[in-house]
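The values are calculated or read from the model by the stated rules, or taken from the named source; none is laboratory data. Please read all numbers here as calculations on a predicted model, not as lab measurements. In this analysis, Cβ positions are derived from the backbone assuming ideal geometry, glycine residues included, and neighbour counts consider all displayed protein chains.
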């Protein structure tokens, strides 16, 4: 079976929920037909994928390549562009994540003060323990 035969594959032509059926210049089924007609042409695949800038559109494109792979599991072109769809969807998904501001850095003076306070506390603990031990063991005085 050839990729051209997949134009009417079940689920291959329906856009994902909320996805636009049309894009710049032509509807998605016509754009896919152009890809199928020039299957070995990378420019045709790139032009097809350039239509989709959102996750819903990329889901449609991914479904198209997945349908080809269901019919021809080893098709190198379909494998390559399915992987390209996954990459683009990953980038689009990560771009939608909310970003948090990093915490402001602790000023250098505050860091130095904190270190000195920790050293002083450790020294006070050593002195306290030494005096407590001196009361218990008379030879330590």
Checklist line | Contacts under 7 angstrom Cβ, first residue in segment 112-134 being without any contact (Cβ under 8 Å) to a residue 12 or more places away in the chain, partner surrounded by 10 or more Cβ atoms within 10 Å (Cβ to Cβ) and assigned to a helix (DSSP H, G or I), 6 or more apart | finding: 133/140; 134/140
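Check 43, 120 and return the single one that is assigned to a helix (DSSP H, G or I) and either over 30 Å from residue 27 (Cβ atoms) or in contact with a strand residue (DSSP E or B) (Cβ under 7 Å, 6 or more places away or on another chain) (or both).
Details: 43 fails: either over 30 Å from residue 27 (Cβ atoms) or in contact with a strand residue (DSSP E or B) (Cβ under 7 Å, 6 or more places away or on another chain) (or both).
Being assigned to a helix (DSSP H, G or I) and either over 30 Å from residue 27 (Cβ atoms) or in contact with a strand residue (DSSP E or B) (Cβ under 7 Å, 6 or more places away or on another chain) (or both) holds for just one of 43, 120, which is 120.
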Notebook entry, point to check: If you scan segment 50-59, which residues turn out to be part of a helix (DSSP H, G or I) and surrounded by 21 or more Cβ atoms within 10 Å (Cβ to Cβ)?
Noted result: 57, 58
Note to self: Can you pull out every residue in segment 73-89 that is exposed (fewer than 15 other Cβ atoms within 10 Å of the Cβ) and under 15 Å from residue 58 (Cα atoms)?
What the structure shows: 80, 83, 86, 87
Item checked: Odd one out for residue 101, checked against (1) assigned to a helix (DSSP H, G or I); (2) surrounded by fewer than 16 Cβ atoms within 10 Å (Cβ to Cβ) -> (1)
Margin query: Among the numbered criteria (1) closer than 25 Å to residue 31 by Cβ; (2) touching a helix residue (DSSP H, G or I) at 6+ places or on another chain (Cβ under 7 Å), which one does residue 133 miss?
Written below: (1)
Note to self: Condition (residue is more than 20 Å from residue 34 (Cβ to Cβ), out of contact with any helix residue (DSSP H, G or I) (no Cβ under 9 Å at 6 or more places or on another chain), assigned by TED's automatic domain parsing to the domain that holds residue 28 and without any contact (Cβ under 8 Å) to a residue 60 or more places away in the chain) applied to segment 50-71: is it met by at least one residue?
What the structure shows: yes
Margin query: Conditions first: (1) part of a helix (DSSP H, G or I); (2) without any contact (Cβ under 8 Å) to a residue 24 or more places away in the chain; (3) over 26 Å from the mean Cα position of the chain (by Cα). Residue 106 passes all but one, so which condition is the exception?
Written below: (1)
